[in-house]
1. Do any trypsin sites (Lys or Arg not before Pro) in the range 1-77 lie in a loop, going by DSSP, with at most 11 other beta-carbon atoms within 10 Å of their beta carbon, and if so which?
2. Over 31 Å apart: what share of the alpha carbon pairs of the chain falls there, rounded to a whole percent?
3. Where does helix 129-138 land angle-wise versus the long Cα axis of the chain, in degrees 0 to 90, nearest 10?
4. Under a plain spin-label model, where a point goes 7 Å from the Cα along Cα-to-Cβ, how far apart in nm are LEU20 and LYS50?
5. Along the charge dipole of the chain, pointing to its positive end and built from +1/-1 on Cβ of Lys, Arg, Asp and Glu, which listed residue (TYR284, HIS247, GLY143) has its Cα farthest out?
6. As a footprinting exposure proxy, order MET58, MET200 by other Cβ within 10 Å, with the fewest listed first.
7. Given the Cα-Cα distance of SER133 and ARG265 and 0.36 nm per residue of separation, how much length would full extension add, in nm?
8. Taking springs between alpha-carbon atoms closer than 10 angstrom, which of PRO329, PRO28, PRO297 fluctuates most in the Gaussian network model of the chain?
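Values quoted throughout were computed directly from the atomic coordinates according to the rules given, and no laboratory measurement underlies them. Just so you know, these numbers come straight off a predicted model, no measurement behind them. Cβ: placed from backbone, ideal geometry, glycine included. Neighbour counts: every protein chain shown.
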Amino acid sequence: MRTVLWREGKVEVEVPDPSLYPPSADAPVFFNPRAKLSRDLSTLILKVLKPPQVIDAMAGTGIRGIRYAVEAGIEDVVFNDINPRAMELIQRNLQRYGIEAEVIQEDVNLLLQRRRFVAIDLDPFGSPSPFLSSLGRSVTHRGVVLVTATDTSPLAGSSPLSAVRKYHSVVRKLPWFREMAVRVLLGYVQHTLMVWEKAMLPVFSFFEEHHIRVIGTVVKKPSAVTEAAKQIKIVEEVGPLWTGRLHDREVLAETIKHWDEDYGRRALKVLQLASEEVNVVGYYHIHLLSKQLGVSPPSVNKVINELRSLGYRASRSSLEPKGVKTDAPEEVVKEVILRSSSPTWKPTGRP
């Protein structure tokens, strides 16, 4: 296996050469260069949440766990991967930073069933569903879960039967499919935790390309489980899905304070948008609505300002650049779009 040094955040680690080994289940050691933004955001958030222990449960090269140790200051980071070649690479990368850590080669389900961990980072190739029950059993009270899904097709409504099979949810393609995907995943993670009398309090939710990431704190408390159950509903014939908050504004405000140039401008923008988001289910896709109305799409910011002037809450969506989150009815949003579209543009079919 040919390796190269990969600089990310504040670390430099040895990884399989991305030009030779694309991220796939067949790679000698799994590494996805395009997940850098997800790793940046997770590291920044753990700087704030500061769990005393975290397991990088499907570690691959170990880059996530090493960043958690070096950048987030997590003292007890455990690395696990069933791949023996990953074991060799993780050990070499730990040696680069003089990190003494427990490194385990075991099936992740077996490991999580026999041991308890404060924070669990689950970053599988594809769906996390086969591992979520074990995660629910393992994570401790006041712990943290960080869960990735890269099988966005069933979550976003393109493969409805797969969604039923993997996430026990009926989905369909909606204009706000990116948020729907996040909420379906959150709903399923929440349900598997509730089986173990635990509840997740979402801190941050993220969708980039084919990568969905949800992060939350966990409590083992009957009242919290009851409240979480109330937030799992059917919306627009989709569900069950999570209808509660996607982000914790206070945590994200603190997270932003830890940002610097090593994490890139994109990470800062995502955090800022998420921290300012209106807490409603779904968003209006301004370009799609404009197309339906036969007008040129106005700027997202213009629509937001108009809605606010009418007394409604409105913000950009952190999940969709052309999305507006608001408590205004759809008819009001359409009126604002019509009023805000370019006055010199003539809709198709009109004189």
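1. Values: sites: ARG2, ARG7, LYS10, ARG34, LYS36, ARG39, LYS47, ARG64, ARG67; in loops: ARG2, LYS10.
Passing sites in the range 1-77 are ARG2.
2. 36
3. Tilt relative to the chain: about 60 degrees.
4. 4.3
5. It is TYR284.
6. Result, fewest neighbours first: MET58, MET200.
7. Fully extending the segment from SER133 to ARG265 adds 44.0 nm.
8. PRO329
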